[in-house]
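S.K.: For reference, the structure I am asking about is given below.
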Amino acid sequence: MTVEPALRDPLPDVERVTIWGAGWTGVCAANLLRRFGKQVTLTDTREPDVLQAALARLAPTALADGVAIHHGEHDLCGAQAIVMTQSVRPSDHVVAKAQAARLPVIPEVELANRALEGVTVLSIGGTDGKTTTTKLVGHLVGAQRHALIGGNSWLPLSGAAPSLVEGAPEGPHAPVLVSEISAFQLPPWHGFRPQIAAVTNVAEDHVQEFFQGSLQAYIAAKRALTDRLERGDTAVLNVDDPIVRGWEPALVARGVRVVRTSLTSRAVGDHPWAVFRNNGELRTRWEGREERVVHQDAIPLLGDHNIENTLTALGAVMPLGLDVAQLREALTTFEPPHHRLERVATWRGVGVYDDSKATNTHAAMVGLSAFGSRSLIVIVGGVDKGLDLDAWVESLRSRARRVVVIGGLRERLLAQYGERLPQAQPAESLDEAVAMALSEARPDEVVVLSPACSSFDMFASYADRGRQFQGCVARYIAAQGGGDATDR
């Protein structure tokens, strides 16, 4: 039987729609709605000339004809429905205004979800590892099915949905939309329902900035990805994470199939759907039938946290019935995303790594653990999120021979933890930090950028920070005559 994917009107009873936020996500949502003849208004707080310049930079994604733009504070603009992008928070006053007017407020990812017919939506959420896992899932599925990655770090879902459907070949299998979903994309009232939802882990992050200091609110935002799953859907849960593990009973009670993932066979028990590691081998269990997939040493990813990501990815694709031999081959050819324990160079016996995506203490600690007992010089720092630093500082104290601190965290880290981190030194710039680290590094040591912080005090993004770090390393090595440097 041939599957016929299609786009359908996501708001069939609505003619006038206002979208809050005229960035890439808002433009994609507007273009999707214009396909169905909606009257669309984009609102944006930027000045007209600034916004026009920003829209020009979105090429080749061009704003569809007929979209009105409202400059100034977000407003309702006579709409019958509102689409919110992740630039708007559920606590913003305009959300309450729309709800008081009894207008539906629909997150952009839900809009895209509503527009899809004959498509499998597979979503990945969690605190750390989302992007690596999402890219790996896309790689695994794409080797055997028609698939496209969207959401969060990728093409917005409302832009990915039309591309996926229009590029789908005829065949017996539904195309797969692999989507990375952040906590900011699913407000408590959302209606986003994937057929498969996988959660990597939950650790404290963004709690002070965006969740009013409530860890429980942050956890609820992470759990939201699984909140609309129903009988016949699949949830993939990392049961090594105590928070994620605790969601299983409620899901099972709703008839959701739960796939357990773990670094140990003991943790998954005799559960009929599981992916786990046993004596270094990654194994699957489906309807009670076990099968070996691959040995962990064949996977081009560093550290146990990336084995966890791989287990989650395998759990997410198992419901699709993919061929295991082809999964095995695809795992060995995967190229991980940049700035995630990315090897930058080996210089005079010193390994240099970029882990700029480690934007919280949990991600930084698991990244450092990937180097085992090797001696480390760690460059840390950035925006101080107000997180509890005790466990991270202890990890640095025990693992690092030297710590170089940049950015907004310097003052707090050195003042509050200076006695516990006697090896910590401040640097005024990333160039200075790299020079300090490489000049002191010994053969067989590792120099790693592992910030444990957001980047916005000194850089445009974590990716910008990573690129600049790699540039600093290249310049320093060149200035020293190159030596025996090799890149990657």
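The values are calculated or read from the model by the stated rules, or taken from the named source; none is laboratory data. Here the structure is a predicted model, which is why all the values come from computation and not from measurement. As a convention, Cβ positions derive from the backbone with ideal geometry for all residues, glycine included, and neighbour counts pool all protein chains shown.
S.K.: Could you list, in sequence order, the residues of segment 1-41 that are free of Cβ contacts under 8 Å to residues at least 40 places away in the same chain, in a loop (DSSP other than H, G, I, E, B) and surrounded by 15 or more Cβ atoms within 10 Å (Cβ to Cβ)?
M.R.: Once the filter is applied, which keeps residues that are free of Cβ contacts under 8 Å to residues at least 40 places away in the same chain, in a loop (DSSP other than H, G, I, E, B) and surrounded by 15 or more Cβ atoms within 10 Å (Cβ to Cβ), segment 1-41 yields Phe36, Lys38.
S.K.: Any idea which residue in segment 50-76 is surrounded by the fewest Cβ atoms within 10 Å (Cβ to Cβ), counting only those that are among the β-branched types (Val, Ile, Thr) and assigned to a loop (DSSP other than H, G, I, E, B)? If you could, list the steps in order and put the result at the bottom.
M.R.: Looking only at segment 50-76, we keep the residues that are among the β-branched types (Val, Ile, Thr), and these are 50, 61, 67, 69.
Within this subset, residues satisfying the condition of being assigned to a loop (DSSP other than H, G, I, E, B) are 61, 67.
Numbers: Thr61: 14, Val67: 19.
Once the filter is applied, the top-ranked residue is Thr61.
S.K.: In addition: May I ask you to say which residue of Ala358, Ala316 is more than 24 Å from Ala274 (Cβ to Cβ), in contact with a helix residue (DSSP H, G or I) (Cβ under 7 Å, 6 or more places away or on another chain) and crowded, with 23+ Cβ neighbours inside 10 Å?
M.R.: Numbers: Ala316 fails: more than 24 Å from Ala274 (Cβ to Cβ).
So the residue among Ala358, Ala316 that is more than 24 Å from Ala274 (Cβ to Cβ), in contact with a helix residue (DSSP H, G or I) (Cβ under 7 Å, 6 or more places away or on another chain) and crowded, with 23+ Cβ neighbours inside 10 Å is Ala358.
S.K.: Determine if segment 186-206 includes at least one residue that is of a type in the set (Phe, Trp, Tyr), more than 28 Å from Gly23 (Cβ to Cβ) and at pLDDT 95 or above. Talk me through it step by step, then tell me what you get.
M.R.: Keep residues of segment 186-206 that are of a type in the set (Phe, Trp, Tyr), which gives 189, 192.
Next, from what is left, pick out any that are more than 28 Å from Gly23 (Cβ to Cβ): none.
No: segment 186-206 contains no residue that is of a type in the set (Phe, Trp, Tyr), more than 28 Å from Gly23 (Cβ to Cβ) and at pLDDT 95 or above.
S.K.: Further question on the same structure: In segment 42-49, is there at least one residue being within 23 Å of Trp154 (Cβ to Cβ), crowded, with 21+ Cβ neighbours inside 10 Å, free of Cβ contacts under 8 Å to residues at least 40 places away in the same chain and assigned by TED's automatic domain parsing to the domain that holds Thr18? Full working, then the answer.
M.R.: Initial filter on segment 42-49 (within 23 Å of Trp154 (Cβ to Cβ)): 42, 44.
Add one more test, that the residue is crowded, with 21+ Cβ neighbours inside 10 Å, and what stays is 42, 44.
Filter again for free of Cβ contacts under 8 Å to residues at least 40 places away in the same chain, leaving 42, 44.
With the extra rule that they be assigned by TED's automatic domain parsing to the domain that holds Thr18, the set shrinks to 42, 44.
Taking every residue of segment 42-49 in turn, at least one turns out to be within 23 Å of Trp154 (Cβ to Cβ), crowded, with 21+ Cβ neighbours inside 10 Å, free of Cβ contacts under 8 Å to residues at least 40 places away in the same chain and assigned by TED's automatic domain parsing to the domain that holds Thr18.
S.K.: Inside segment 111-194, counting only strands (runs of 3 or more DSSP E) that do not spill past its ends, which hold 1 or more residues that are of a type outside the set (Gly, Ala, Ser), touching a strand residue (DSSP E or B) at 6+ places or on another chain (Cβ under 8 Å) and surrounded by fewer than 19 Cβ atoms within 10 Å (Cβ to Cβ)?
M.R.: Values: elements: 120-125, 147-150, 176-180.
Counting at least 1 such residues, we get no strands (runs of 3 or more DSSP E) at all.
S.K.: Tell me, yes or no, whether segment 442-453 has at least one residue that is touching a helix residue (DSSP H, G or I) at 6+ places or on another chain (Cβ under 7 Å) and free of Cβ contacts under 8 Å to residues at least 60 places away in the same chain.
M.R.: No, because not a single residue in segment 442-453 is touching a helix residue (DSSP H, G or I) at 6+ places or on another chain (Cβ under 7 Å) and free of Cβ contacts under 8 Å to residues at least 60 places away in the same chain.
S.K.: Scan segment 123-131 and give yes if some residue there is among the hydroxyl-bearing types (Ser, Thr, Tyr), touching a Ser or Thr at 6+ places or on another chain (Cβ under 8 Å), modelled with pLDDT of 95 or more and not assigned by TED's automatic domain parsing to the domain that holds Gln86, otherwise no.
M.R.: To start, the set of residues in segment 123-131 that are among the hydroxyl-bearing types (Ser, Thr, Tyr) comprises 123, 127, 131.
Checking which are touching a Ser or Thr at 6+ places or on another chain (Cβ under 8 Å) leaves us with 123, 127, 131.
From what is left, the residues that are modelled with pLDDT of 95 or more are 123.
Subset that is not assigned by TED's automatic domain parsing to the domain that holds Gln86: 123.
The answer is yes, given that some residue of segment 123-131 is among the hydroxyl-bearing types (Ser, Thr, Tyr), touching a Ser or Thr at 6+ places or on another chain (Cβ under 8 Å), modelled with pLDDT of 95 or more and not assigned by TED's automatic domain parsing to the domain that holds Gln86.
S.K.: Now a separate question. Tally up the residues in segment 87-103 that are touching a residue at least 40 places away in the same chain (Cβ under 8 Å) and either part of a loop (DSSP other than H, G, I, E, B) or in contact with a Leu (Cβ under 6 Å, 6 or more places away or on another chain) (or both), please.
M.R.: Residues in segment 87-103 being touching a residue at least 40 places away in the same chain (Cβ under 8 Å) and either part of a loop (DSSP other than H, G, I, E, B) or in contact with a Leu (Cβ under 6 Å, 6 or more places away or on another chain) (or both): 5 in total.
S.K.: Just checking, which of Leu331, Leu327, Leu322 is within 19 Å of Gln195 (Cα to Cα), at pLDDT 95 or above and either in the same structural domain as Val119 (by TED's automatic domain parsing) or not small (Gly, Ala, Ser) (or both)? Before you say what the answer is, go through the steps one by one.
M.R.: Details: Leu331 fails: within 19 Å of Gln195 (Cα to Cα); Leu327 fails: within 19 Å of Gln195 (Cα to Cα).
None of the others qualify; the one that does is Leu322.
S.K.: Now for a different question. Looking at (1) touching a residue at least 40 places away in the same chain (Cβ under 8 Å); (2) in a loop (DSSP other than H, G, I, E, B), can you tell me which one Val473 breaks?
M.R.: (2)
S.K.: If you don't mind, there's one more thing I want to ask. Please enumerate the residues belonging to segment 442-455 that are part of a loop (DSSP other than H, G, I, E, B) and either hydroxyl-bearing (Ser, Thr, Tyr) or surrounded by fewer than 16 Cβ atoms within 10 Å (Cβ to Cβ) (or both). Show your work before the answer.
M.R.: Keep residues of segment 442-455 that are part of a loop (DSSP other than H, G, I, E, B), which gives 442-445, 450-453, 455.
Across segment 442-455, the qualifying residues are Arg442, Pro443, Asp444, Ser450, Ser455.
S.K.: Further question on the same structure: Looking at (1) modelled with pLDDT of 95 or more; (2) surrounded by fewer than 20 Cβ atoms within 10 Å (Cβ to Cβ); (3) part of a loop (DSSP other than H, G, I, E, B), which is the one condition that is false for Leu302?
M.R.: Looking at each condition in turn, Leu302 falls short on (1).
S.K.: Which of (1) part of a strand (DSSP E or B); (2) without any contact (Cβ under 8 Å) to a residue 24 or more places away in the chain does Leu414 not meet, given it meets every other one?
M.R.: Here Leu414 meets the rest and fails (1).
S.K.: Considering every residue within segment 385-397, establish whether at least one is under 25 Å from the mean Cα position of the chain (by Cα), assigned to a strand (DSSP E or B) and assigned by TED's automatic domain parsing to the domain that holds Gly466.
M.R.: no
S.K.: Sticking with this one: Can Ala79 be described as in a loop (DSSP other than H, G, I, E, B), at pLDDT 95 or above and either closer than 18 Å to Ala224 by Cα or not charged (D, E, K, R) (or both)? If you could, list the steps in order and put the result at the bottom.
M.R.: Details: in a loop (DSSP other than H, G, I, E, B): yes; at pLDDT 95 or above: yes; either closer than 18 Å to Ala224 by Cα or not charged (D, E, K, R) (or both): yes.
Answer is yes for this residue.
S.K.: Return the only residue of Val165, Val256, Val239 being over 17 Å from the mean Cα position of the chain (by Cα), of a type in the set (Val, Ile, Thr) and under 23 Å from Ile106 (Cβ atoms). Reasoning before the result, please.
M.R.: Numbers: Val256 fails: under 23 Å from Ile106 (Cβ atoms); Val239 fails: under 23 Å from Ile106 (Cβ atoms).
Of Val165, Val256, Val239, the one residue that is over 17 Å from the mean Cα position of the chain (by Cα), of a type in the set (Val, Ile, Thr) and under 23 Å from Ile106 (Cβ atoms) is Val165.
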